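Okay, so here's the structure we're looking at.
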Amino acid sequence: MTGGAGFIGSGLVRGLLAKGASRVAVVDSLLTGYERNLDEVRGSVDFHKVDIRDYDTVRKAMEGIDVVFHEAAIPSVPRSINEPLPSHDVNINGTFNVLRAAKDAGVRRVIYAASSSAYGDTLILPKVETMLAAPKSPYAAQKLMGEYYMSVWASCFGLETVSLRYFNVFGPRQDPGSQYSGVLSLFISAILDRKTPTIFGDGGTSRDFTYVEDVVGLNIKAAEAPSSVSGKVFNGGNGGRITLNEAWNLLQKFEGVSIPANYGPERPGDVRDSQADTTAAVRELGHAPQVSFEDGLRKTLEWYRSARQA
Ligand SMILES: NC(=O)c1ccc[n+]([C@@H]2O[C@H](COP(=O)([O-])OP(=O)(O)OC[C@H]3O[C@@H](n4cnc5c(N)ncnc54)[C@H](O)[C@@H]3O)[C@@H](O)[C@H]2O)c1
């Protein structure tokens, strides 16, 4: 797995081990990930502190591997606007390198962490895989290029690939420590500190927040699916739609506090509304999300609370 020390990757490592994998090889540069994310499972992980752009080392780490989960990326819309060069280099050239190394090492299948940001602002919700992609940020364009490379590697080079367009993923171990962090990790930190969060825009921006365990389950289904899914793109969302105001209100309700949010300007590159059509993932991968937004948010809040006490 690439990016296995990150938020989603470290959850996926745990999911694979729980499913019976005896060991998981992880390639991660620790740019935004942490080795501590793998603490309790470290004994079952072969950890390589490697940049995915380093072909020789990545190829060596892939020897004998059947399925590669490609999670490594610089995963942020605003970061891709503030620092477009590293974002491009890791998300596009790094992905190219992972595919080349996987093919040369004899890997059977690569599952790719694609992004719902590829859709841009669609006229119709929910968003279906057959809609024309219209990226609004460098990050969205980069992740879409990765999908195109996945399908081309399947058609031209005989490597099985599956792209999973994650919608906003949240849950334990998401890092709230930077301006580029996922919005719910920032909201949860704010509510635990009894601080005012900043919402960019009017708070009516909506997202299909998806609990990380559902994304882990989807990846495992994509690894097990027949080769007829190769080259395809599937939504990896929950199917719901929650506004930022609703999410912040729910956290205040859970904690029994009233802390009005600050509102800042809308950010360039941000999509207004997002919601997944899950039909294709259900039909072809047999995946159905299990965790509602409210349950996932409660679990995540409790995880952050206990992580602070540890
Ligand atoms: N979190 C979401 O809501 C979301 C939504 C859509 C897509 N995704 C995609 O899911 C994947 C995982 O995202 P995440 O939220 O867990 O982010 P994360 O930042 O926690 O994980 C990314 C991991 O990639 C590693 N990495 C970065 N550059 C690297 C490089 N050059 N070489 C090796 N490792 C490198 C980081 O150290 C980190 O561990 C990313 O590909 C992201 O684009 C995430």
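The values are calculated or read from the model by the stated rules, or taken from the named source; none is laboratory data. A quick note: this is a predicted structure, and the numbers were derived from the prediction, not measured. Cβ coordinates were reconstructed from backbone atoms using ideal geometry, including for glycine residues, and neighbour counts include every protein chain displayed. Remember, those area values only see protein heavy atoms, side chains included, never the ligands or the DNA or RNA. Shrake-Rupley method; radii C 1.70, N 1.55, O 1.52, S 1.80 Å.
A few points about this structure:
- Long-range neighbours under 8 Å by Cβ, at least six apart or interchain, first residue farther than 12 Å from PHE254 by Cβ and among the basic types (Lys, Arg) within region 283-310, second in a helix (DSSP H, G or I) and open to solvent by 20 Å² or more (accessible area, probe 1.4 Å): ARG308/LEU192
- Residues in region 173-208 that are modelled with pLDDT under 95, of a type in the set (Ser, Thr, Tyr) and either surrounded by fewer than 16 Cβ atoms within 10 Å (Cβ to Cβ) or closer than 15 Å to ILE242 by Cα (or both): SER178 only.
- Boolean, ALA21 is under 20 Å from LEU218 (Cα atoms) and within 13 Å of the ligand (Cβ to nearest atom): no
- Residue in region 250-268 that is in contact with a His (Cβ under 7 Å, 6 or more places away or on another chain), touching a residue at least 40 places away in the same chain (Cβ under 8 Å) and not charged (D, E, K, R) present: no
- Summed over region 206-215, residues that are of a type outside the set (Val, Ile, Thr) and under 18 Å from TYR304 (Cβ atoms) total 3.
Residue-wise test of (1) within 18 Å of GLU213 (Cα to Cα); (2) open to solvent by less than 60 Å² (accessible area, probe 1.4 Å).
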site	(1), (2)
VAL257	no, yes
GLU266	no, no
ASP273	no, yes
LEU285	yes, yes
ALA288	yes, yes
SER292	yes, yes
GLY296	yes, yes
TYR304	yes, yes
ARG308	no, no
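- Matching option when the condition is among the acidic types (Asp, Glu) and either more than 14 Å from the ligand (Cβ to nearest atom) or crowded, with 19+ Cβ neighbours inside 10 Å (or both), among GLU35, GLU63, GLU83: GLU63
- Failed item, numbered, when GLY3 is tested on (1) among the small types (Gly, Ala, Ser); (2) near the ligand (Cβ under 7 Å from one of its atoms); (3) open to solvent by 40 Å² or more (accessible area, probe 1.4 Å): (3)
- Scanning region 90-114 for residues that are part of a strand (DSSP E or B) and among the small types (Gly, Ala, Ser), we see that the one that is nearest to the ligand (Cβ to nearest atom) is ALA113.
- Scanning region 6-18 for residues that are assigned to a helix (DSSP H, G or I), touching a Ser or Thr at 6+ places or on another chain (Cβ under 8 Å) and within 6 Å of the ligand (Cβ to nearest atom) yields a single hit, GLY9.
- Residue under evaluation GLU147, criteria (1) of a type in the set (Asp, Glu); (2) in a helix (DSSP H, G or I); (3) open to solvent by 50 Å² or more (accessible area, probe 1.4 Å), criterion not met: (3)
- The residue that is surrounded by the fewest Cβ atoms within 10 Å (Cβ to Cβ), among those in region 66-80 that are β-branched (Val, Ile, Thr) and over 13 Å from VAL24 (Cα atoms), is ILE74.
- Counted residues, region 155-205 - those being under 21 Å from TYR304 (Cα atoms) and either away from the ligand (no atom under 13 Å from the Cβ) or in a strand (DSSP E or B) (or both): 16
- Residues of region 51-60 classified as among the acidic types (Asp, Glu), closer than 14 Å to ARG100 by Cβ and either part of a loop (DSSP other than H, G, I, E, B) or within 9 Å of the ligand (Cβ to nearest atom) (or both), total: 1
- When region 213-244 is filtered for residues that are part of a helix (DSSP H, G or I) and surrounded by fewer than 17 Cβ atoms within 10 Å (Cβ to Cβ), the ones remaining, listed by number, are GLU224, SER227, SER228.
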